[in-house]
Amino acid sequence: MRLMKKIILVTGIFSSVVISAVKAQFEYIKPHDIKELSSRRLIVLVEEPEDVLIAKLKKKKKDIEAYKKAIEQYNTYLQNAVTKFCKLSKGDIEFLTLDEINRISDKKNYAVIYCRSAKQNQLDQGYLQVHGILWWPDFMEVAHDRDFTGRMTILGISLLDKFETFPIYQCPVPDVFPTQADLDFVLNSVSNYISYRGNHKHVDDDKMDETLLKENQPALKDKILLLRRDLLDKKIGNTKMIDKIYPYPYLITSKDSVDQAIESGDPKYAVIVVTPYDLDVIGNGTIEYVQYTYSTGDGSILATSGLLDMATAGTNASIAKPLITKNALMDLSLYLKPQGPSLNKDNKNNATKKK
């Protein structure tokens, strides 16, 4: 889930022919850092209300108590997600505020995991330089407020003795202010990906993501793919087009149903999660998106649809809007050879019935 540098990816084509021209789809984490992470106790940073945002809310006569309750709810969501899905530490996990973390003296024995909302030019900074997550009662209003425009929320992992520097790993969270499903997805997928990299040291870095997708994608044949109705690109049209592109069981369903599958960790489902990927270098504050197909059980990434050349960013719906596109669906079976037999007609009708 590489965030830091602008890249050129060819949507729908991810083969050895083009692999040398692209950078990895996922954020790189060094084998040494994986080893270091596994040997340390893990701290999860508990957020507290930010004075700067409270002042902003007060100035605009917004509900400050609602903000404080939202932060409290976020901390509960994060603790739930870590408890259910985090496999990055073998020992007990501590939940501490920033003040409590700063008082720790033996910092080389700890690693810390956190979420923060940042602008593009802040993504290469440590948590202590750019901290906290963005909440606002009306995010439509935020879009017109220059103080808060153009931010995305990321999950970061840092070694505590290097907390002020670039994290050893970070990846995007689907929403600016995370939901329970957002945090479950990101903790499960990050844990799986770091574990995969740690167990595949023999694979060259420039082949790692291709190898991962080749290994993981066949699992789609045995899962029901959940597609959020509100995220389906209108250009897809109807289920007839999806049937032509994707030969395995799927359901077009609601956001609530997809969230429930993510939160339950049910292994029989896969879902397409649309996440912010990078911020537009044009400087107008728009966010680009990428689609990850995610196994709700073990957290493995089964497919991903990449970004196009930046020159097309403003006009291409697969990156300019948070949508599940035709190209994203085509990428689902990129490594499935052969494509597999057509589904039994009755089974397919049942699988694609809308909820």
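Among the residues of the stretch 196-213, is any within 17 Å of Thr275 (Cα to Cα), assigned by TED's automatic domain parsing to the domain that holds Lys326 and surrounded by 14 or more Cβ atoms within 10 Å (Cβ to Cβ)?
no
Would you mind listing the strands (runs of 3 or more DSSP E) fully within the stretch 155-266 where at least 3 residues are closer than 24 Å to Leu42 by Cα?
169-172
For Lys255, only one of the following conditions fails: (1) at pLDDT 95 or above; (2) surrounded by fewer than 18 Cβ atoms within 10 Å (Cβ to Cβ); (3) over 20 Å from the mean Cα position of the chain (by Cα). What is its number?
(3)
Which count do you get for residues in the stretch 120-154 that are among the β-branched types (Val, Ile, Thr) and out of contact with any strand residue (DSSP E or B) (no Cβ under 9 Å at 6 or more places or on another chain)?
Final tally of qualifying residues: 2.
Within the stretch 172-183, is there a residue that is of a type in the set (D, E, K, R) and over 27 Å from Tyr110 (Cα atoms)?
Just the residues of the stretch 172-183 that are of a type in the set (D, E, K, R), to begin with: 175, 182.
Subset that is over 27 Å from Tyr110 (Cα atoms): 175.
Yes, the conditions are met somewhere in the stretch 172-183.
Take the residues in the stretch 110-136 that are in contact with a Gly (Cβ under 8 Å, 6 or more places away or on another chain) and assigned to a strand (DSSP E or B), then tell me which one is nearest to Lys35 (Cα to Cα).
Ile113
Could you please find all residues in the stretch 59-81 being over 12 Å from Gln180 (Cβ atoms) and either in contact with a helix residue (DSSP H, G or I) (Cβ under 7 Å, 6 or more places away or on another chain) or in contact (Cβ under 8 Å) with a residue 40 or more places away in the chain (or both)?
Listed by number, the residues that qualify are Lys62, Asp63, Ile64, Ala66, Tyr67, Ala70, Ile71.
Would you be able to say whether some residue in the stretch 150-166 is closer than 27 Å to Asp92 by Cα and without any contact (Cβ under 8 Å) to a residue 12 or more places away in the chain?
no
Scan the stretch 150-159 and give yes if some residue there is surrounded by fewer than 15 Cβ atoms within 10 Å (Cβ to Cβ) and either in the same structural domain as Ala55 (by TED's automatic domain parsing) or closer than 25 Å to Glu36 by Cα (or both), otherwise no.
Within the stretch 150-159, not a single residue is surrounded by fewer than 15 Cβ atoms within 10 Å (Cβ to Cβ) and either in the same structural domain as Ala55 (by TED's automatic domain parsing) or closer than 25 Å to Glu36 by Cα (or both).
The values are calculated or read from the model by the stated rules, or taken from the named source; none is laboratory data. Quick caveat: nothing in here was measured; it's all calculated off a predicted structure. Backbone-built Cβ (ideal geometry, glycine too); neighbour counts: all protein chains shown.
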